[in-house]
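We did not get these values from a lab; they are worked out from the coordinates using the rules stated. Model, not experiment: these values are computed from the prediction. With ideal geometry, Cβ positions are generated from the backbone for all residues, glycine too; neighbour counts draw on all protein chains shown.
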Amino acid sequence: METDMTEIRRKLGVFPAFHKVEGRRVVVIGGGAEAAAKVRLLSETKAEIVVYAASLDKETGADVVAAHADWRGAWPGVADLAGAALVFAATGDEDMDRAIWSLAHEAGVPVNIVDRPELCDFYTPSIVNRAPLAVAVGSEGVAPVLSRHVRARIEALLAPAFGDLAGLADRLRDRVSRALPSGAQRRRFWAGFFSGPVAEKVFAGDMGAAEGEAVRMLEIGPNLSGHVSLVGAGPGAEDLLTLRAQRALQEADVIVYDRLVPDAILAQGRRDARRIYVGKAPGNHAISQDAINALLVDEARHGNRVVRLKSGDPLVFGRAGEEMAALRAANVSFDVVPGITAAFAAAAENEIPLTFRDTASAIVFATGHDADGETLPGWAGLAVSGATVAVYMGHAAAAKVSARLIEAGLAAATPVAVVENASRHDRRAYAGRLDELARIAARPELSGPVLIIIGEVVAAGAIGVEPGALAELAA
């Protein structure tokens with residue numbers, strides 16, 4: 001039920017859209033500071049601005065003149081609003097605002113009543129203007145100050161030259177459509193246009209060289225050969241996904257994803273990309289690894305850009321080695337996009353230093369079982385020598401791991417941490433002794449993926465300690 005409520009809370013009550021206002025009339029009603037703010041905002045567009053107010057204060061009058069707006073010294077009627085693209089009302093009087101709301105609805109025009117969200121057909125977002133590129137940030141009228149803070153961050157990210165880049169793209173759009181008839185060709189061209197030498201020349205201020213480079217790219221044509229990116233989705237938190245991973249997802253034609261990849265991460269891919277589920281759970285494999293390898297090769301040979309999306313890092317227990325071997329054998333190009341692995345996320349959120357001077361100078365990443373399903377003994381000696389050990393997929397093997405390590409000579413009082421769903425909102429973490437590991441991992445509420453950290457460094461962390469182990473950890 002909690003998950004369902006979270007999903008409902010994350011659904012928008014509005015549909016973001018951009019109104020076409022070029023050459024159309026937009027009406028602002030009011031003569032005070034709020035009306036002046038709307039006039040200033042609209043002055044960044046190509047709308048024909050008409051202001052209705054019995055009088056204008058000094059600030060509003062100056063803004064009306066600067067925006068080349070038309071002032072009508074009276075309140076409007078239905079006929080004055082008919083045919084307008086939008087109406088903004090900022091009279092400051094509730095009765096007048098409600099009357100304008102009724103007039104606008106009678107005229108069939110969407111209306112925004114300032115500071116009265118219940119009377120708004122649409123909300124005014126905070127806008128980052130890099131014309132023709134625009135970024136609008138809205139909060140459904142609930143938190144306009146937050147929207148302005150977010151806009152300020154985006155302003156810092158987007159240099160003014162982004163508008164020049166978008167303008168160049170607009171000038172070339174028809175030419176590109178004629179030269180590249182297929183959607184796949186155009187997507188590849190624009191991906192290179194916005195992230196390659198053309199963009200670099202625009203940001204350097206050399207528009208002539210940028211346009212020349214774009215024409216050269218168009219004459220050569222985009223590379224339509226297939227490609228596979230082995231991408232790490234990280235441990236689950238959306239904000240731990242790397243920028244390179246986001247870019248790969250946005251450029252993908254096909255996304256092949258695992259069981260532990262959250263929907264929120266998957267949603268960052270292109271909306272029209274095909275999604276293929278190949279998840280594996282203990283004893284329940286949707287598709288074999290050999291079949292996954294063949295799928296990647298086949299999709300790439302059909303000219304698709306494929307993202308093989310894996311939880312954590314693809315090179316840490318992600319079967320990436322087998323996939324890379326299959327792609328090399330098939331002569332398919334590929335790259336690897338690293339992700340944050342679960343051990344790092346689990347350690348960071350519980351403040352456990354994986355290395356610690358005079359305590360642990362080595363880290364071991366291990367799994368609870370080998371390829372034949374046996375508990376691995378090979379790294380026990382490293383644990384005994386003081387290395388921190390992170391055991392992946394260790395839920396079912398916790399008892400055997402504990403027994404093997406104690407048998408190898410590791411002290412029964414060695415601190416351990418058991419972390420479920422690292423980095424996610426439903427994460428849990430417990431700490432205790434090595435000889436308590438089986439009991440901790442067997443807690444009935446632990447049903448998600450579990451990572452176990454073993455070593456003295458756990459005692460330095462900020463994790464809840466199991467009863468009975470406090471004295472040993474404090475020693």
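Derived scalar couplings between HN and Hα for the stretch 221-238 equal x, x, 6, 9, 6, x, 7, 10, 10, 8, 10, x, 7, x, x, x, 5, 4 Hz in order, rounded to whole Hz, by the Karplus curve 6.51 cos²θ - 1.76 cosθ + 1.60 (θ = phi - 60°), x for Gly and Pro.
Using 0.36 nm per residue and subtracting the Cα-Cα separation, the extra length available between residue 268 and residue 143 on full extension is 42.6 nm.
Residue separation times 0.36 nm, minus the C-alpha to C-alpha distance between residue 96 and residue 194: what's the value?
Numbers: separation 98, 0.36 × 98 = 35.28 nm, distance 4.82 nm.
Difference between extended and current length: 30.5 nm.
Taking amide H as placed 1.01 Å from N in the peptide plane, residue 134 has no amide H partner under 5 Å among residues 5 or more places away or on another chain.
In sequence order, the stretch 51-62 has phi-based couplings of 10, 10, 6, 5, 8, 10, 6, 4, 5, 5, x, 5 Hz under the Karplus curve 6.51 cos²θ - 1.76 cosθ + 1.60, θ = phi - 60°, and Gly or Pro positions carry x. The stretch between residue 328 and residue 20 holds 105.9 nm of extra length on full extension. This uses 0.36 nm per residue minus the Cα-Cα distance. Compactness of the stretch 227-340 is given as radius of gyration and Dmax, 12.6, 35 Å, from Cα positions.
Candidates 182, 172, 162 compared by Cα position along the dipole of the stretch 161-220: farthest toward the positive end lies 182, with charges placed on Cβ. Angle, helix 144-157 long axis vs. longest principal axis of the chain, Cα atoms, 0 to 90°, nearest 10? Here the helix axis deviates by roughly 70 degrees.
Given Cβ point charges of +1 (Lys, Arg) and -1 (Asp, Glu) and nothing else, what value in debye, to the nearest 20, does the dipole of the stretch 284-335 about its Cα centre take? Mind showing how you got there, number by number?
Values: 6 positive and 7 negative charges, 16 e Å.
My answer is approximately 80 debye.
Counting only Cα atoms, the stretch 73-197 measures 57, 33, 27 Å along its principal axes, largest extent leading. Could you calculate the FRET efficiency of residue 361 with residue 239 from 1/(1 + (r/R0)^6), where r is the beta carbon distance between them and R0 is 30 Å, rounded to 0.05? The calculated FRET efficiency here is 0.45. Computed across the chain, the Kirkwood radius stands at 27.1 Å (inverse of mean 1/r, all Cα pairs).
If we count other beta carbons within 10 Å of each Cβ, what is the order of 453, 440, 220, fewest first? Walk me through the numbers before you get to the answer.
Values: 453 27, 440 21, 220 9.
Arranged by neighbour count, lowest to highest, 453, 440, 220 become 220, 440, 453.
Each of 265, 406, 446 was placed along the dipole of the chain (beta-carbon charges, centred on the mean Cα), and the one lying farthest toward the positive end is 265. Proximity of backbone amide H atoms, modeled 1.01 Å from N, is registered between residue 337 and 230, 231, 232 at under 5 Å, excluding neighbours fewer than 5 places apart on the same chain.
Given +1 at the Cβ of Lys and Arg, -1 at the Cβ of Asp and Glu and no other charges, the dipole of the chain around its Cα centre is 1220 debye to the nearest 20.
Think of each Lys and Arg Cβ as +1 and each Asp and Glu Cβ as -1; about the Cα centre, that makes the dipole of the stretch 65-220 roughly 960 debye.
Divide the volume of the convex hull of the Cα atoms of the stretch 24-104 by its number of residues and quote the answer in cubic angstrom per residue. Let's see the in-between values first.
Working: hull volume 6.0 nm³, N = 81.
Hull volume normalised by residue count: 74 Å³.
For residue 55 and residue 179, what is the calculated FRET efficiency with R₀ set at 60 Å and r taken between the beta-carbons, to the nearest 0.05? Could the numbers behind the result be given before it?
Numbers: r = 57 Å, r/R0 = 0.95.
E(calc), rounded to 0.05, equals 0.60.
Ranked for footprinting exposure by Cβ neighbours inside 10 Å, fewest first, 123, 257 give 123, 257. Fewest neighbouring Cβ atoms within 10 Å first, the residues 115, 253 line up as 115, 253. Can you tell which of 16, 36, 50 lies farthest toward the positive end of the dipole of the stretch 6-121, using +1 and -1 charges on the Cβ of basic and acidic side chains (Lys, Arg; Asp, Glu)? It is 16.
When the alpha carbon coordinates of the stretch 161-220 are projected onto the principal axes, the ranges are 31, 20, 16 Å, largest first.
Candidate cross-link partners of residue 38 among the lysines, defined by an alpha-carbon separation under 26 Å and a same-chain spacing of 8 or more, comprise 20, 46, 58.
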